[in-house]
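I have placed the structure first, in the form of structure tokens, so that the comments after it can refer back to it.
The values are calculated or read from the model by the stated rules, or taken from the named source; none is laboratory data. What you see is a predicted model, and the numbers here were worked out from it, not measured in a lab. FYI the Cβ positions are ideal-geometry reconstructions off the backbone, even for glycines, and counts take in every protein chain you see. What goes into the accessible areas is simple: the full protein's heavy atoms, side chains included, and nothing from ligands, DNA or RNA. Shrake-Rupley method; radii C 1.70, N 1.55, O 1.52, S 1.80 Å.
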Amino acid sequence: MSRTRTALLAALALVAGASGTALAVAPGDAGIAAVPCTVDYKVQNQWDTGFTAAVTITNNSTAKSSWSLKWAYAGNQKVTSGWNAKISQSGTAVTAANESYNGTLATGGSVSFGFQGSYSGTNAVPAAFTLDGVTCNVDGGGPTDPGPTDPGTPGTRVDNPYAGAKVYVNPEWSANAAAEPGGSRISNQPTGVWLDRVAAINGAGGKMGLRAHLDEALKQKGSGELAVQLVIYDLPGRDCAALASNGEFGPTDIDKYKTQYIDPIAAILADPKYASLRIVTTVELDSLPNLVTNVSPRNTATPNCDTMKSNGNYIKGVGYALNKLGDVPNVYNYVDAGHHGWLGWDDNFSATVQTVKQAATAEGATVNDVHGFITNTANYSALKEPYYTINDSVNGKSVRESKWVDWNRYVDELSYAQAFRQEAVSQGFPSGVGMLIDTSRNGWGGSARPTGPGAKTDVNTYVDGGRIDRRFNTGNWCNQSGAGLGERPQASPAAGIDAYVWIKPPGESDGASSAIPNDEGKGFDRMCDPTYTGNPRNNNNMSGALPNAPLSGHWFSAQFQELMKNAYPAL
């Protein structure tokens, strides 16, 4: 019997409630009236000055459309942040009220929330709870009594969630890959699970929802460690500079984003059932960099990006996501950092870190809610360029003057990611932040791959002859012809890099080559049209896109076959 339950049984008392008197008792005690509610309060994780706790309320009385739970601490505990409830504290008295999305509490129904707190001395579990003024019994112990059904308590976050861990293999992607000729060679690789609309949380169109994926992850975990990779991707006014993956929320729908998208995800991730998983979140791709490069007065500006810059909802949305998800002890947030061919220029690089920091300190978030950054997500930039460096010159001209490099400071993702990490630390992010690089489609192998440096006839011949990345321009991003699978996912591959990952599942389209009516909010972007001659963002080059592509996220067999054919290292 836990110390919590023992203390409560010693202090059972009749109390007046809104509908008469109610008696708080432990379930199963014969001869005593049924209890109106039960509260399970568990200290999940505790360290010298702080702790996290999970609370589950079960309502045994009349159904409720809203609820308010109260308790008092015997010591000096202070709630510092919470999730899935509006928590306030005055002195020792704490009140937790429902959020807009979890106020309904049916007879026999339960609701859970959690919080982080500070303390000194002892951290005693509260002796009594009231739900809407009616005293509930307490059962479920604390850190000394996990109970027979407790799935285990989360540990302190590790420095690198990929170190010493398996990584979740999405069975849906794996089945698609295995069904392709030759696909079984890579169908066991871990890929990201994309939560790109509200319907994806519970599962839509016969696909697995978030809980189904996490339940499957527990099965794959076994007795070891396992990381699960989730893509958080549904901001208001999403992808303001593109059309292929526009989202379901309009530019001003920040409250819907919070309550309909982030809050339900946070509620699921905070379920103690999943506390033993290392949950890696890639937070809102292609959002914050757009506020740097595609707003006025840039010649790459779009009206949509100007709107998102002025209304602040990218900043608010990312900050809210980092705060809510970062409150879950076993979640590791990695913020999108674009790629070198987008942000590697002098006027973009430092400004992007500043913008990310602005988001990381908005809506209750702090820089400590950021575990790291990810580059090249769903992109094609080469991991390493072995045959030229940014310091090379030809006939007195720096490679920075070539049409391909175009005055960028970086020629590949590894050098860019390592430099981005250093810049982030210099601007106040924790020194332990790590980097992820998406290598799912940046191998660039096959017959077109150079085997040595280009001729030193002139700087353009030299760079074009030796570069691994065979795109027309680094601004090309949609279903690129000639691309190949890159380095296989692996932990700690280079200094400052937590892992090479396949966040973008190979074989899933970037966008449709022509307009396709759909109910997913996805538009048609000419950058996915192989006949498109370009725009200022790709220096008016051809798009380089494959023909006959389906909507973004849909299976694209021809692309998958090309990625396998051009894989480097080869399959």
Provide the per-residue ³J(HN,Hα) series for segment 452-459, in order, calculated from phi with Karplus coefficients 6.51, -1.76, 1.60 and θ = phi - 60°, each as a whole number of Hz, with x at glycine and proline positions. x, x, x, 5, 8, 5, 7, 5
Listed candidates [x] 1.03; [y] 0.95; [z] 1.73 - label of the one calculated as Rg/Rh (Cα atoms, Kirkwood Rh): [x]
Quotient of Cα radius of gyration and Kirkwood radius for segment 463-571, i.e. Rg/Rh, equals 1.00
Per-residue accessible area, 1.4 Å probe, largest first, puts R185, R470, R278 in the order R185, R470, R278
The answer for the net charge of residues other than S120 whose Cβ lies under 13 angstrom from its Cβ, with Lys and Arg +1 and Asp and Glu -1, is 0
Around Y257, what is the net charge, scoring Lys/Arg as +1 and Asp/Glu as -1 over all other residues with Cβ under 15 Å from its Cβ? -4
Per the Cα gyration tensor, segment 238-290 corresponds to an equivalent ellipsoid with semi-axes, largest first in Å, of 26, 15, 8
Based on alpha-carbon centroids, what's the gap between segment 302-333 and segment 550-571 in Å, whole number please? 31 Å
Built amide H within the under 5 Å cut-off of I497, gap 5+: M435
Among A512, G523, A495, pick out the residue whose Cα is farthest towards the positive end of the charge dipole of segment 463-540, where Lys and Arg carry +1 and Asp and Glu carry -1 on C-beta, about the Cα centre. A495
Anything over 32 Å Cα to Cα? Flag those among K324/K522; K316/K397; K86/K309, in the order listed. K316/K397
On a C-alpha basis, how far is the centre of segment 336-377 from the centre of segment 164-233 in Å? Whole number, if you could? 26 Å
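Could you report the chain's accessible area per residue, 1.4 Å probe, as an integer in Å²? Provide the component values of the computation, followed by the final result.
Numbers: 21890 Å² over 571 residues.
With all protein chains present, the chain gives 38 Å² per residue.
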What is the dipole size for the chain, taken about its Cα centre, with +1 at each Lys and Arg Cβ and -1 at each Asp and Glu Cβ, in debye to the nearest 20? 320 debye
What whole number of Å gives the distance from the Cα centroid of segment 512-537 to the Cα centroid of segment 65-128? 48 Å
Accessible surface of the chain [probe 1.4 Å, protein heavy atoms]: carbon and sulfur percent: 51 percent
Kirkwood-based shape ratio for segment 57-109, expressed as Rg/Rh from alpha carbons: 1.03
